[in-house]
Amino acid sequence: MGKNLRQQRRGKGSSRYKASVKTPISYELKGGTVVDIVHSPGRKSPIAVIEAAGKRFLQTATKGTATAQKIDAEKLENIPEGTRICNIELRPGSGGKICRSPGTSAVLITKERGKCVILLPSKEKKILTSGCRAMIGEVSGSGKTEKPFRKAGSKFYSMKAFGKPYPRTSGVAMNPVDHPFGGSAKPGKHKTVSRHQPPGKKVGSISPRRVGKRKGK
């Protein structure tokens, strides 16, 4: 009898506490000061503790951030063109969503008629509202990924700290009893599955609206 699939076994998990730094520099952080830079378990970049208006906030630290540094709230419309930015909002007040990994940053290209165009690390251009907020600079901790793990055990415990499954095994490499895609290195059956199937069958494309490549692309 086969065992449960990985997506069935994994629940909420028991990964380490991850500090919430979703919201970029908000209105309350106007004139704030960095009082400390701390390590956050489950996160690869350090966290800056900012004190403003008698409260303390947690923010993703950018490269060059130091204690006693002043922090101001700025929108994209107030940031000069060509500036590197990170922890960018997709909508005003939605919280930082883009460029939050260590060493990543985007470039503000143009501003026109309430819209801003930014260049992402993937070379993709994205149009955002000028009222979205972002942090100037790039996320610190870029050198962390340059250190080799050297052995499999270090990689295993590092992934476990972040709550990520490791090692990853493809479905086609498993036995038929362990995964619906198992039993062949070149599966010939389709990957679409009905939304009304039991959890053990819900792998691949679940109730897709369409399949295949779009014409003209």
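The number of residues in region 29-45 being surrounded by 18 or more Cβ atoms within 10 Å (Cβ to Cβ) and modelled with pLDDT of 85 or more comes to 2. For region 70-93, the set of residues classified as surrounded by 14 or more Cβ atoms within 10 Å (Cβ to Cβ) and in a loop (DSSP other than H, G, I, E, B) consists of Ala73, Glu74, Ile79, Thr83, Asn87, listed by residue number. Consider region 50-69 and keep the residues that are of a type in the set (A, V, I, L, M, F, W, C) and over 27 Å from Tyr157 (Cα atoms). The one that is surrounded by the fewest Cβ atoms within 10 Å (Cβ to Cβ) is Ala68.
Taking Arg210 as the residue in question, decide whether it is of a type in the set (Lys, Arg), part of a loop (DSSP other than H, G, I, E, B) and at pLDDT 85 or above.
yes
Name the residue that is farthest from the chain's Cα centre (by Cα), counting only residues in region 170-185 that are within 18 Å of Lys202 (Cβ to Cβ), in a loop (DSSP other than H, G, I, E, B) and of a type outside the set (A, V, I, L, M, F, W, C).
Pro176
When region 115-159 is filtered for residues that are closer than 22 Å to Gly42 by Cβ and of a type in the set (Val, Ile, Thr), the ones remaining, listed by number, are Val139, Thr145. In region 203-217, what residues are basic (Lys, Arg) and in contact (Cβ under 8 Å) with a residue 60 or more places away in the chain? If the condition is that a residue be basic (Lys, Arg) and in contact (Cβ under 8 Å) with a residue 60 or more places away in the chain, then no residue fits. What do you reckon, is Ser101 surrounded by 12 or more Cβ atoms within 10 Å (Cβ to Cβ) and either in a strand (DSSP E or B) or not assigned by TED's automatic domain parsing to the domain that holds Phe57 (or both)? It is false that Ser101 is surrounded by 12 or more Cβ atoms within 10 Å (Cβ to Cβ) and either in a strand (DSSP E or B) or not assigned by TED's automatic domain parsing to the domain that holds Phe57 (or both). Only residues that are surrounded by 12 or more Cβ atoms within 10 Å (Cβ to Cβ), in contact (Cβ under 8 Å) with a residue 24 or more places away in the chain and of a type in the set (A, V, I, L, M, F, W, C) were counted in region 142-201, giving 2. Considering every residue within region 128-138, establish whether at least one is acidic (Asp, Glu) and touching a residue at least 40 places away in the same chain (Cβ under 8 Å). Yes: one or more hits. Has region 115-127 got any residue that is part of a loop (DSSP other than H, G, I, E, B), touching a strand residue (DSSP E or B) at 6+ places or on another chain (Cβ under 9 Å), surrounded by fewer than 14 Cβ atoms within 10 Å (Cβ to Cβ) and hydrophobic (A, V, I, L, M, F, W, C)? No, region 115-127 has no match at all.
The values are calculated or read from the model by the stated rules, or taken from the named source; none is laboratory data. Computed from a predicted structure; not experimentally measured. We place every Cβ from the backbone using ideal geometry, glycine too, and count neighbours over all the protein chains shown.
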